[in-house]
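Everything on this sheet refers to the single structure shown next.
The values are calculated or read from the model by the stated rules, or taken from the named source; none is laboratory data. All figures in this text were calculated on a predicted structure; none of them were measured in a lab. Neighbour counts are summed over all protein chains in view; Cβ atoms, including those assigned to glycine, are modelled from backbone coordinates with ideal geometry. To get the accessible areas, we keep the full protein, side chains included, count just its heavy atoms, and leave off ligands, DNA and RNA. Shrake-Rupley method; radii C 1.70, N 1.55, O 1.52, S 1.80 Å.
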Amino acid sequence: MSDTGSNTHEPGDNRARWEARYLDRGSELDRVASTWIVERSVALPEGAVVLDVAGGTGRNAAPVARSGRVVVLADFVEQAVAAAVRRHPRILGVVADAGALPFRAAAFDAVIVVSYLDRSAFKVFAALLKPGGTLLYETFTRAHIEVVARGRARGPTNPAYLLEPGELSRLVAPLELQEHEERLVVDEAGERHVARVMARRA
């Protein structure tokens, strides 16, 4: 069975439960990055400063940092952040809840968010981007419930944390939509139904 989505952070998650999970599961470090997110991140200008929201142990941050970008990884689990910063010297860790990020406006060239959904945070993500900055977002849609039911993946099954069809492209407004897709993805990171967007701050 794929481990896709097994570290999905949901708003209101219990901090102690996640701290225990990261202490008990070294396998979190073995999870594979999203190819789509990494390919678009490494196309950013070298030296770009990228924020990875709810980044866990850095599965996406590590390949982006290795490509020459600086990644600020924010997660609310201290053990996860500590593991992430050990992966590469260009990963800077911040222990913070994704709903209360301690950064000034227009601080980042890009914001990446994977397997995390808090609909109220999209205005914050947009505000954190510099003019011309890019939001890269990938998370589960309601169709993912069927993948979980087949035993092909883990992930949220509460509809509150799953996107409706077409919802993600609406949530990123007023950012300018550059790419958008919703489909079943099967890659090294596993099998999952996701929506993805790349959107730009004008």
From 131, 174, 159, residue being more than 21 Å from residue 35 (Cβ to Cβ), touching a residue at least 60 places away in the same chain (Cβ under 8 Å) and over 17 Å from the mean Cα position of the chain (by Cα): 131
Answer yes if at least one residue in the stretch 42-51 is outside any loop (DSSP other than H, G, I, E, B) and out of contact with any Phe, Trp or Tyr (no Cβ under 9 Å at 6 or more places or on another chain), and no otherwise. no
Given (1) modelled with pLDDT of 95 or more; (2) closer than 19 Å to residue 59 by Cβ; (3) open to solvent by less than 10 Å² (accessible area, probe 1.4 Å); (4) not in a helix (DSSP H, G or I), identify the lone condition not met by residue 133. (2)
If a residue has to be surrounded by fewer than 20 Cβ atoms within 10 Å (Cβ to Cβ) and either touching a Ser or Thr at 6+ places or on another chain (Cβ under 9 Å) or in a strand (DSSP E or B) (or both) to count, how many in the stretch 162-184 make the cut? 12
Return the residues of the stretch 150-161 that are in a loop (DSSP other than H, G, I, E, B) and surrounded by 11 or more Cβ atoms within 10 Å (Cβ to Cβ); say none if nothing qualifies. 152, 153, 154, 155, 156, 157
Of the listed residues (111, 71, 147, 94), the one being open to solvent by less than 60 Å² (accessible area, probe 1.4 Å), of a type in the set (A, V, I, L, M, F, W, C), outside any loop (DSSP other than H, G, I, E, B) and modelled with pLDDT under 95 is 147
Considering (1) assigned to a loop (DSSP other than H, G, I, E, B); (2) small (Gly, Ala, Ser); (3) touching a Leu at 6+ places or on another chain (Cβ under 9 Å), say which one residue 99 fails and leave the rest. (3)
